[in-house]
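First up is the structure itself, then whatever we jot down about it.
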Amino acid sequence: MTENLNRLIERAKEKINNKNVHSQIYHEFEKEELTEIRKSILEWYDENRRILPWRIHEISKNQNSQRAYEVWVSEVMLQQTQVATVVSYYKNWMSKWPTVFDLAKADIEEVNKVWAGLGYYARANRLLQSSKLIVEKFNGEFPRDAKSLEKEIPGVGKYTAGAISSIAFGLPAEVVDGNVIRIISRLRGVGGDVKKANVINYFWKLSKDLLDTKRPGHFNQALMDIGATICTPKSYSCHQCPIKNYCVAYAE
């Protein structure tokens, strides 16, 4: 661990001494450290993961689409809304429409009534309309890979598609949201305006490089948890971070 930190300190010094002369390689993950970073993140997650109603860790293959439905609903609710607020809404939603087939039979008035208080009602309407499509076009079976999810399900963007694919189906799909951007930005010393295509695309590349392909769903949820509880926007608890010894920002 000390060796990793010393190496990062040397890299930070090199950056300071050559402010205009460090290449993109400076921000890349070194192959030999990726295994240790992934291991550290997953070990931390296994001990410290948040207990949330939409998280299920042991499922059989015939439950994958049900799991996809649960992840999908939770991710849509979490857009623009805090986790603490979503918990009760999610439980109410799932008690009323436990499967995508149940939701597809609902009408917009029912959906809006359950959604009341979450705001951004267009999200509820997208869930309803897309559930009807999933039932009618796919017989209730969600597409499995991220590209198909993004292409086939209205309102499912790249992040949500990656979350569903990795968490519900165990496929190697990376995710990038505010939490992931913040972690990678500090971990690898990456800056730039994320509204610019080349910058956000680079974060997607780094997230893909970092992903543990054997446990992609757990890994992506681990990043979300670290970003929500340790590597937070306005403050951070570096002493609790499982990957501090690989972090450029911590070394600097």
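A few notes on this one:
- Residues of the range 216-243 classified as more than 20 Å from the chain's Cα centre (by Cα) and under 12 Å from W44 (Cβ atoms), total: 1
- If you go through the range 107-122 and keep only what is part of a helix (DSSP H, G or I) and surrounded by fewer than 19 Cβ atoms within 10 Å (Cβ to Cβ), you end up with I108, E109, E110, N112, K113, V114, A122.
- Pairs, first in the same structural domain as F138 (by TED's automatic domain parsing) and crowded, with 18+ Cβ neighbours inside 10 Å in the range 89-106, second of a type in the set (A, V, I, L, M) and not in a helix (DSSP H, G or I), C-beta under 8 Å, six or more apart: Y89/L118; W97/A106
- Across the range 233-244, the qualifying residues are those that are of a type in the set (S, T, N, Q) and at pLDDT below 95, and the one among them that is surrounded by the fewest Cβ atoms within 10 Å (Cβ to Cβ) is S235.
The values are calculated or read from the model by the stated rules, or taken from the named source; none is laboratory data. Values in this document were obtained by computation on a predicted structure and should not be read as measured data. Using ideal geometry, Cβ is built from the backbone for each residue, glycine included, and neighbour counts are taken over all protein chains shown.
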